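Enquirer: I have a structure here, written as structure tokens, and I will follow up with some questions on it.
The values are calculated or read from the model by the stated rules, or taken from the named source; none is laboratory data. None of these values were measured; they are calculated from a predicted model. With ideal geometry, Cβ positions are generated from the backbone for all residues, glycine too; neighbour counts draw on all protein chains shown.
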């Protein structure tokens, strides 16, 4: 568990120091989530799946989330130089979007009520509470089909995807909660998300005044964008076949993109082992595995591919032939294995 703890808690410590002291600490925090991750991914090996659950670390991170967010909002209303505040927004946006998001995602899949509520509260605090419903009730049910707003079809660039997935997930999650609650117009979870967002904004004002609210909104928008960028990369172009019955084929390991890079995986609590998570959503993050023969593998780490996705023409040049290599269905609805050759290049080669 040590790599997971170091990769997730070290940036929080550095960014927390930045909020209190300013200066170089914010730069160091940003570097630990970006440049350091890039180079460490090229060293070492992926963690072997473990029988451990990582529950204690997840709960600690869920609490650290609120401490860091509170410090960041407080710093926005304080005397720090403007550039320090900008760097804190960038660093915390990265942290909440990549690390806290991965951890909240882990928590909302937990069976015990305390962990679930902690994860939901993490999302609510960055004004994205509806993701709690949309992810579990829509994304996991309809992933890799047109009914999932988080699954981008081949050819759709990230900037066109971004507003569609935010609004689409909000509406789809609301519909799903209405069905669960007998058709009530304002289901309880969405009331909690709305009230929680208002409470968060009120606390931000108490901690940092108008600047605190502005900082919170900036951090939340950046974090949300990071989250949706991750969804975009991890499901781009992959589609479940339509069976003769008209239903979609069952979701399988070939319907999510994965990355084997060790340090970014540790930092994101094995979120890049995405196929294994979708196959067994309740499995704890240290127990997720990766099989490149049955699971599509990205050519670079998830953070690197997220940067590539910001430039849609480059993204399509890198990814579209890889999508084609995994998208041709068998008659039984399964997806071609990695041995399928597209444009003279096998997916197993494309992955490197």
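Enquirer: Just to be sure, is residue 60 under 22 Å from the mean Cα position of the chain (by Cα) and either modelled with pLDDT of 95 or more or buried (at least 17 other Cβ atoms within 10 Å of the Cβ) (or both)?
Expert: Yes, satisfied.
Enquirer: Another one. Any idea which of 351, 284, 338 is modelled with pLDDT of 90 or more and either crowded, with 16+ Cβ neighbours inside 10 Å or within 17 Å of the chain's Cα centre (by Cα) (or both)?
Expert: 284
Enquirer: Can you tell which of 5, 46 is touching a residue at least 40 places away in the same chain (Cβ under 8 Å), in a loop (DSSP other than H, G, I, E, B) and either in contact with a helix residue (DSSP H, G or I) (Cβ under 8 Å, 6 or more places away or on another chain) or surrounded by 15 or more Cβ atoms within 10 Å (Cβ to Cβ) (or both)? Walk me through it before giving the result.
Expert: On the way: 5 fails: in a loop (DSSP other than H, G, I, E, B).
46 is the lone residue from the list that is touching a residue at least 40 places away in the same chain (Cβ under 8 Å), in a loop (DSSP other than H, G, I, E, B) and either in contact with a helix residue (DSSP H, G or I) (Cβ under 8 Å, 6 or more places away or on another chain) or surrounded by 15 or more Cβ atoms within 10 Å (Cβ to Cβ) (or both).
Enquirer: Evaluate region 231-248: report whether one residue or more is within 17 Å of the chain's Cα centre (by Cα) and part of a loop (DSSP other than H, G, I, E, B).
Expert: Yes, because at least one residue in region 231-248 is within 17 Å of the chain's Cα centre (by Cα) and part of a loop (DSSP other than H, G, I, E, B).
Enquirer: Further, regarding this structure: What number of residues in region 256-277 are out of contact with any helix residue (DSSP H, G or I) (no Cβ under 7 Å at 6 or more places or on another chain) and either within 20 Å of residue 109 (Cβ to Cβ) or assigned to a helix (DSSP H, G or I) (or both)?
Expert: So the answer is 4.
Enquirer: I'd like to check something: does region 147-157 contain any residue that is surrounded by 18 or more Cβ atoms within 10 Å (Cβ to Cβ), on the phi > 0 side of the Ramachandran plot, assigned to a loop (DSSP other than H, G, I, E, B) and touching a residue at least 40 places away in the same chain (Cβ under 8 Å)?
Expert: There is no residue in region 147-157 that is surrounded by 18 or more Cβ atoms within 10 Å (Cβ to Cβ), on the phi > 0 side of the Ramachandran plot, assigned to a loop (DSSP other than H, G, I, E, B) and touching a residue at least 40 places away in the same chain (Cβ under 8 Å).
Enquirer: Given (1) within 30 Å of residue 239 (Cβ to Cβ); (2) at pLDDT below 95, where does residue 112 come up short, assuming only one miss?
Expert: The number of the failed condition is (1).
Enquirer: Of all residues being within 18 Å of residue 124 (Cβ to Cβ) and in contact (Cβ under 8 Å) with a residue 40 or more places away in the chain in region 158-174, which is surrounded by the most Cβ atoms within 10 Å (Cβ to Cβ)? Just the residue, please.
Expert: In this case the residue turns out to be 173.
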